Structure formats: C-alpha cells, structure tokens
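Asks: Mind looking over this structure? Questions follow.
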Amino acid sequence: MERLCFEQAYELPASPLRVWQALADTERLNRRLGLPATVPRALGGEPVRIARISAQFGPLALEWDEEPFEFVEGQRYWVRRRMLRGPLVEFNGGMLFEPTSAGCRVRVQSEFLPASVIGALFVRFVWVKTRRDCDQVMERLRAHLRGELETPFGEGVDLAPRAVCEATRGRLSGAPPALLSEPLAPRLLEFLATAGDVELTRIRPFTLARRWDTDRHAVLRLCLRAAWHGVLDLSWDLLCPNCRGAKGRWERLSDVVGDAHCEDCQIRFDADFDRAVEVTFRPNARYRGVDELIFCSGGPRNTPHVAAQAVVEPDQTAEWTLSLTPGRYRVRTLTASSSEMLAVEEGCPSRAATMSLGPSPGSPESEGDLPATDSLRLCAGDVCLRVRNASASRQQLMLERLTTAEECATAAVVTMYQEFRDLFSSEVLSPTTQLAIRTLPLMFTDLQGSTALYRRLGNAAAYALVRDHFDLLRSRIADHRGGIVKTIGDAVMAAFPTAADAVACALAIQHDLAEHNQGAVEPLRLKLGLHQGPCIAVRSFEDRLDYFGTTVNLAARTHQTSEGDDIVVTSEIRNDPDVAALLQGIEEQRFSADLKGIGTVELIRLLPRHVETSL
C-alpha cells in the first residue's frame with residue numbers, strides 16, 4: 001500500500017519554546033484530542049527503550065511497538081510506531097516548531113502505512129477527525145497564549161469538569177476544622193477541587209510551592225498535615241536515577257525495598273533515601289477520585305530534564321543545534337554505560353563539541369557523583385553538539401541537565417521534618433531494609449552540668465528547666481526544617497536537610513540561650529556539635545527511623561569537645577559553600593581533638609556570643 005502523508009500548519013503568538021511547553025506535553029495533548037487511553041509495558045533486550053502499547057480505538061483493538069520519541073527541546077519531536085494489530089503497518093508523526101516574526105509556526109506531520117484498502121479508508125477518517133480536533137486545540141492554545149484563557153487544554157484535562165469541582169468542594173468543606181484553619185489550606189483545597197487528573201496523580205509539594213510563589217517548606221508541612229487528617233494519601237515513590245520515572249509506589253515506608261530494576265533503562269539501582277525515594281501525595285478517594293489512565297507514556301515532557309534525544313545506528317552521528325542555559329549537562333546512552341560531561345558557562349569561547357559514546361561498561365551516574373571538573377566546556381546560548389555512536393548496536397542517546405532535584409521532596413528530607421516525626425511516628429523502614437544517604441547533616445547537643453542542676457534544685461525544679469530547654473530545641477529545630485531523631489538523657493540528636501539549616505539552627509539556639517541566661521537565676525549552658533557525611537537510614541530497636549554509620553559516630557563525639565555556649569563543627573560542615581555566609585562576624589578557633597574510637601580530628605569552635613537577634 002502507498003504511504004499516506006499529511007501536514008497542517010498553525011501560527012501561534014508566542015516563542016517556539018513557550019509553545020513547546022504545551023504541545024510537547026503529549027499526555028495532556030492526547031487527552032484533549034480525544035485519543036484513547038493506552039496500556040504501556042517496557043520491552044527489554046536492547047539498549048533502546050521500546051514500549052509495547054495497546055489501546056482500544058472504538059471497536060478496533062490496536063497494538064504497536066513504540067520507539068523513543070526523538071526530539072530537540074523547543075524545535076521538534078517525532079515518534080515511530082510499528083503496528084502489530086489493527087489496520088496499519090506503521091505510523092510516524094510529530095511536530096516542528098519554527099520561529100516567525102509574530103511568534104511560532106507549528107507544523108503537525110503524520111505518516112501512515114495502511115495494511116489494506118480498509119486501512120487506507122481508516123486513515124482518512126482518522127485524519128479528518130484529528131485535524132478537526134487539532135484545529136480546536138490550537139485555537140484554544142492561541143487564546144491561552146494571548147492571555148484570554150487560564151490553561152492551554154482546559155476543562156477535562158488541565159481542569160476538572162465543573163460537576164467534579166462542585167462535588168469535591170462540597171466534600172472538602174467537611175474536612176477537619178484543624179486543617180481548614182491552616183493559612184494555605186484554602187489554596188490546597190481549591191487545587192484538589194479544580195485540578196485535572198494528571199496534576200493529582202502525583203502531587204509534588206515543592207512544585208505546588210513554585211506555582212503558588214510561596215515557601216516550599218510551608219507547603220510540604222501542609223501536605224503532611226492534610227495526609228494526617230485523611231484528606232491526602234501519602235506515598236513513597238521509587239525513582240530511576242536515569243529516566244527519573246517512578247518505578248514503584250508504596251503506601252507505607254516499611255514496604256519500600258532496598259533496590260529496584262527499571263525495565264525502561266534496563267538497569268538495577270539502589271533505593272538511596274536522598275535520591276531515589278520521593279514522597280508524593282494524591283487526594284484521598286473520599287474527597288476526590290483520580291483517573292490514573294495513561295494517554296502517552298513516552299512524550300518529551302515526561303522527562304523534562306532531557307533537552308535532546310535520538311536513536312542512532314552504529315557508527316552514525318546525531319547532530320543537535322540548540323540553546324543551552326548555564327549549568328551542568330551529560331550526554332549519555334540509555335543505560336549510562338557511556339557518557340560525556342559538559343559544563344555550559346557564560347563567556348566560554350567554544351560553541352561546538354564532537355564526541356563519541358562507546359561500549360565502555362559503567363553504572364548510572366547522578367549529579368552528586370560528577371567529577372569536580374567536566375571534560376568539555378561550552379558557551380551558554382546557541383551550541384552545536386555532534387554525538388557519534390561508536391558501539392556495535394543501536395543506541396538511545398540523550399542530553400540531560402544535571403541539576404539538583406529541587407522539586408523532589410526526597411524521603412531523606414521529609415523524614416527529617418519534625419512534623420513528619422510527630423504525625424507519622426509509626427512510619428519506619430522494614431527491619432531488613434537499610435537505605436543509603438549521601439550526605440546527612442547532624443546535630444548533637446547536651447546540657448552541661450545537668451546532674452549538678454538536679455542535685456542543687458531538686459528533681460521537680462530541675463526537670464522544669466530541662467523541659468523548657470527541650471521545648472526551645474524542638475521549636476528551633478522545627479523552624480530550620482530539621483527533626484529530633486532521638487533524645488538520650490539530656491542530649492538530643494537532630495537531622496537537617498542541609499548544613500546551612502543545621503548551622504543556622506545552632507546559632508539561633510545559642511542566641512536564645514544567651515538571652516535566657518541574662519536574667520536567669522540558673523543559667524543553662526549547652527554543648528553543641530555538628531557534622532555531615534554519608535550514613536544509612538534504618539529501623540531502630542525502638543521501632544523508629546534512625547541513622548547509623550561513621551558519620552553518626554563522629555557527630556556524636558564532636559559535641560563532647562564543646563565547652564558550652566559554643567558550637568563545634570567539623571571541616572565538612574565549615575567548608576560547605578552555603579555555610580560561609582552564615583559565619584561572617586563569628587569568631588572561630590581551630591583545634592585538634594582525639595575522639596574516642598575515631599582518632600585525631602581537626603575541628604572548628606564557633607563562638608557566637610554576639611549573634612544578631614535576626615537569627
């Protein structure tokens with residue numbers, strides 16, 4: 001049969017990159033076009049992500065093998081489908097985004113290879129319907145770009161149908177009063193009532209905070225409280241370090257496994273607590289049901305960290321001309337068995353690079369594993385990359401941004417929050433599971449002279465002072481996004497998301513105690529030490545989430561060198577780039593200490609006796 005090719009062009013009043021943000025989101029686009037839901041499954045066996053897709057198109061059962069979308073961000077995308085069931089042999093299609101003086105021209109292209117005359121008739125019917133639906137989508141998108149409509153795809157995709165909105169609002173009005181009184185609760189409840197199903201399948205609190213232009217930690221705390229009140233369901237998602245797709249989802253932390261396999265990338269990976277396990281939310285079914293159907297599993301916006309992707313035959317070259325912002329990038333194969341690092345910088349003289357990716361064995365690298373110096377440097381802006389496939393097999397090549405996962409609320413971060421430990425104290429790992437954490441900032445404190453305090457004041461009076469000191473620590477640790485891991489007598493072990501959080505908290509604590517002591521009959525002096533490094537998250541004998549390893553042992557010894565009213569930190573804390581700004585004007589004393597079971601360690605004593613009250 002003859003191959004049938006169609007093209008339709010549309011003029012849109014925005015830049016190609018802005019139009020790309022909407023039309024490369026093929027999950028939402030396919031929903032708006034009225035295409036059928038799909039059931040995808042990965043096929044292994046080669047270094048290219050092939051998906052076996054099945055769908056029901058009216059009375060027709062369709063099945064096909066889908067190759068990875070090939071794309072360059074803001075310029076084009078294309079997909080090839082080899083049909084296994086139905087009236088077609090093959091379908092190829094995609095979009096081109098061309099800049100114009102008035103904005104962007106989008107060219108929608110489709111190629112069909114019918115299996116028979118009936119297949120050819122089917123193609124013409126489908127194209128007429130699709131073109132009509134596409135005209136409507138583009139008209140709505142045009143209005144959205146002009147600021148006349150709130151969302152590009154509207155009700156049923158970006159927004160819930162009106163009946164669903166009203167019914168959900170009614171149910172949410174009966175949410176617990178304690179939740180309704182939260183400052184951000186009205187925004188969250190309206191989001192749950194009005195957002196489309198795609199948004200609600202995996203609610204990421206840091207993404208919500210960015211859209212609302214508000215504090216991310218306040219939004220995360222609100223989601224935790226909403227989950228505790230039963231309005232949201234909390235889940236633990238296992239993320240592949242390569243494609244960053246969710247490869248497992250559990251309702252309880254105790255069900256999380258220590259390693260996993262990504263069928264798409266054909267790799268095994270460890271469930272690192274601060275990289276591979278993300279906390280997400282969805283509405284509880286009592287308040288809002290969510291349709292989790294999949295309409296396109298492989299579109300470019302499903303992996304927004306990938307700027308370009310191509311399938312390349314052996315000894316062939318992919319050439320990408322694109323615009324890159326400053327940052328770190330990696331060109332790699334699907335399994336990351338071969339990769340090349342890029343540093344994109346302002347003012348760099350080079351605007352082109354040529355590289356070969358071969359069959360060298362390896363394991364996937366993440367942003368935390370990169371070498372200090374990237375092997376190639378390019379100027380920010382328009383660049384040209386030529387990537388040769390030097391292996392003996394077809395390869396899926398991709399250019400990805402290596403940025404910190406700022407919108408990912410990892411399990412390591414969430415479980416440090418005092419709210420999480422208070423509200424979800426029963427959430428612990430399985431006794432047999434140990435999850436690695438690359439870097440964990442820890443604080444150990446101890447009240448100096450507490451034994452003498454009890455002897456001097458008596459149990460009741462001394463305990464009241466010690467209790468007040470615990471309340472102060474608890475409040476300040478929570479203010480700085482940390483959480484108390486455990487107390488040991490008068491000592492506290494706390495964990496924080498960053499070293500800067502830990503140092504800011506320590507300075508605030510010592511400042512508060514200094515103010516307390518000015519008029520106190522019984523002054524309190526606190527010994528305080530900080531250290532950060534790798535460790536493991538485990539389930540303790542007391543059935544709580546705890547941390548173990550050399551880092552914990554060193555942190556526990558560090559505070560023992562404190563003299564009270566000071567803060568002792570290791571070089572790992574002091575040399576953290578974000579800590580330096582906090583320590584301006586703070587007196588420092590460097591010294592060596594022989595720590596029991598560890599040996600001689602270089603430490604820094606901070607003397608924050610003149611800390612400003614703004615801490």
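The values are calculated or read from the model by the stated rules, or taken from the named source; none is laboratory data. These figures come from a predicted structure and were not determined experimentally. Quick reminder, even Gly has a Cβ in these numbers, built from the backbone with ideal geometry, and neighbours come from all protein chains shown.
Asks: Which members of the range 175-198 meet the condition of being farther than 30 Å from residue 29 by Cα and acidic (Asp, Glu)?
Replies: Answer for the range 175-198, where residues must be farther than 30 Å from residue 29 by Cα and acidic (Asp, Glu): just 182.
Asks: Across the range 484-500, what is the total count of residues that are within 18 Å of residue 559 (Cα to Cα) and crowded, with 21+ Cβ neighbours inside 10 Å?
Replies: Of the residues in the range 484-500, 6 are within 18 Å of residue 559 (Cα to Cα) and crowded, with 21+ Cβ neighbours inside 10 Å.
Asks: Considering every residue within the range 72-87, establish whether at least one is out of contact with any strand residue (DSSP E or B) (no Cβ under 6 Å at 6 or more places or on another chain) and either farther than 30 Å from residue 319 by Cβ or surrounded by fewer than 16 Cβ atoms within 10 Å (Cβ to Cβ) (or both).
Replies: Yes, some residue in the range 72-87 is out of contact with any strand residue (DSSP E or B) (no Cβ under 6 Å at 6 or more places or on another chain) and either farther than 30 Å from residue 319 by Cβ or surrounded by fewer than 16 Cβ atoms within 10 Å (Cβ to Cβ) (or both).
Asks: Something else about it: From the list 236, 212, 250, 228, exactly one residue is aromatic (Phe, Trp, Tyr) and within 21 Å of residue 28 (Cβ to Cβ). Which is it?
Replies: 212
Asks: Would you mind finding the one in 38, 26 that is farther than 25 Å from residue 319 by Cα and among the β-branched types (Val, Ile, Thr)? Spell out the reasoning first.
Replies: On the way: 26 fails: farther than 25 Å from residue 319 by Cα.
Every option except 38 fails the conditions.
Asks: Let me ask something additional. Among (1) at pLDDT below 90; (2) hydrophobic (A, V, I, L, M, F, W, C); (3) closer than 20 Å to residue 400 by Cα, where does residue 308 come up short?
Replies: Just one mismatch for residue 308, condition (1).
Asks: Something else about it: In the range 250-283, how many are modelled with pLDDT of 85 or more and surrounded by fewer than 19 Cβ atoms within 10 Å (Cβ to Cβ)?
Replies: Looking only at that region, the number is 5.
Asks: Just checking: which of the strands (runs of 3 or more DSSP E) contained wholly in the range 163-282 hold 3 or more residues that are more than 24 Å from residue 306 (Cβ to Cβ) and touching a strand residue (DSSP E or B) at 6+ places or on another chain (Cβ under 7 Å)?
Replies: 232-239
Asks: Look at the range 1-44 and say how many of its residues are touching a strand residue (DSSP E or B) at 6+ places or on another chain (Cβ under 9 Å), closer than 24 Å to residue 247 by Cα and in a loop (DSSP other than H, G, I, E, B).
Replies: Taking the range 1-44 as the starting set, the residues that turn out to be touching a strand residue (DSSP E or B) at 6+ places or on another chain (Cβ under 9 Å) are 1-20, 23-24, 26-27, 30, 35-44.
If we keep only those that are closer than 24 Å to residue 247 by Cα too, we end up with 24, 26-27, 30, 36-44.
When the remaining residues are screened for being in a loop (DSSP other than H, G, I, E, B), the result is 24, 36-37, 44.
The qualifying residues number 4.
Asks: Follow-up question, since we're still on this one. Of 179, 208, 189, 234, which residue is aliphatic (A, V, I, L, M) and touching a residue at least 60 places away in the same chain (Cβ under 8 Å)?
Replies: Answer to the check: 234.
Asks: What about residue 95, is it without any contact (Cβ under 8 Å) to a residue 40 or more places away in the chain, closer than 27 Å to residue 333 by Cα and surrounded by 15 or more Cβ atoms within 10 Å (Cβ to Cβ)? Explain how you work it out, then say what you get.
Replies: Values: without any contact (Cβ under 8 Å) to a residue 40 or more places away in the chain: no; closer than 27 Å to residue 333 by Cα: yes; surrounded by 15 or more Cβ atoms within 10 Å (Cβ to Cβ): yes.
No, not satisfied.
Asks: Scan the range 141-158 for residues that are surrounded by 17 or more Cβ atoms within 10 Å (Cβ to Cβ), more than 26 Å from the chain's Cα centre (by Cα) and charged (D, E, K, R) and jot them down.
Replies: Result: 142, single match.
Asks: Here are 93, 34, 45: which of them is modelled with pLDDT of 95 or more and under 32 Å from the mean Cα position of the chain (by Cα)?
Replies: 93
Asks: Sticking with this one: Identify all residues within the range 219-240 that are under 20 Å from residue 178 (Cβ atoms) and in contact with an Asp or Glu (Cβ under 9 Å, 6 or more places away or on another chain); write none if there are none.
Replies: Correct list: 220, 221, 222, 224, 225, 226, 227, 228, 233, 234.
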